[in-house]
């Protein structure tokens, strides 16, 4: 510390003033780059995650409203279940087959379909377009948002109509 003080004392008043100005400029710049910018990036990521969650909530609410409206309709002739092979064909046509991590048939004709990482909008469009024609009821489904924006993991269980 004595060496630094001796070095500063050896400088002229003008040099010390310029060093103080540079120091006062560098401190705020360092604070901006080390604190404020990472906070701004975290905020943007949180806003993106919120937007994804709101989109998911809106989609699920829309599907729930559609389901309520369908229960009031008279019974319509349903197509026969298309089976796992037919389901696989619809996934290939929708360019979703590569994202399927598991497709299995269980006892009683239940089909379990799992996606580890899939684009939410592609999955939602596929479900909306195929649901009326594949001849299955959705027994259960679980969709979870992932850290990757716009991507979800999903598990869907289809059961033959009763």
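The values are calculated or read from the model by the stated rules, or taken from the named source; none is laboratory data. As the structure is a prediction and not an experimental result, all values here were calculated from the model. Here the Cβ is made from the backbone with ideal geometry for all residues, glycine too, and neighbour counts use every protein chain on show.
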Any residue in the stretch 39-60 that is in contact with a helix residue (DSSP H, G or I) (Cβ under 6 Å, 6 or more places away or on another chain), in a helix (DSSP H, G or I), at pLDDT 85 or above and within 30 Å of residue 119 (Cα to Cα)? yes
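Being at pLDDT below 90, over 27 Å from residue 144 (Cβ atoms) and within 26 Å of the chain's Cα centre (by Cα) is the requirement here; does residue 36 meet it?
yes
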Can you report the number of residues in the stretch 99-130 which are out of contact with any helix residue (DSSP H, G or I) (no Cβ under 9 Å at 6 or more places or on another chain) and not in a strand (DSSP E or B)? 5
Where residues in the stretch 86-116 are out of contact with any strand residue (DSSP E or B) (no Cβ under 7 Å at 6 or more places or on another chain) and without any contact (Cβ under 8 Å) to a residue 24 or more places away in the chain, which of them is nearest to residue 134 (Cα to Cα)? 89
